[in-house]
1. Rank these for me by crowding, E73, E57, going from fewest to most other beta carbons within 10 Å.
2. Counting only residues 5 or more places away or on other chains, whose amide H sits under 5 Å from the amide H of L62 once H atoms are built in the peptide plane?
3. Starting from the amide H of I76, placed 1.01 Å from N in the peptide plane, find each other amide H under 5 Å away whose residue is 5 or more places distant or on another chain.
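Derivation of every value follows stated rules applied to the coordinates shown; laboratory data play no part. Predicted model only: the values in this text are computed from it and were never measured. Positions of Cβ are backbone-derived with ideal geometry, glycine not excepted, and every protein chain shown enters the neighbour counts.
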Amino acid sequence: MLYVLPLPLPMSYELRTMSCLYAATPPEMNINMIIKYYGVPVTATKPMRFKIFDAKENGLLLWDSGDMQIDIESGIMSQKLTPKID
């Protein structure tokens with residue numbers, strides 16, 4: 001089982017997402033989030049990083065997106081990830 005977790009934003013940001021659970025690594029994953037700053041939807045480009053682990057807690061890191069600049073429009077963020085995991 002794989003767990004995909006975005007790294008947390010600063011505490012002033014509100015992040016609405018959940019961990020994704022997969023039985024096997026899909027070739028592509030679409031990550032969608034709602035991001036607000038003090039209750040107001042964000043429109044900006046923000047740095048984010050995504051990691052895939054083999055367990056929800058204390059898991060082995062299987063993949064790391066590295067730093068990415070992600071576009072957020074009216075609080076909506078959608079990003080396609082294409083992890084390469086052997």
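1. E57, E73
2. So L62 has HN proximity to I52, F53, D54.
3. HN-HN under 5 Å from I76: I35.
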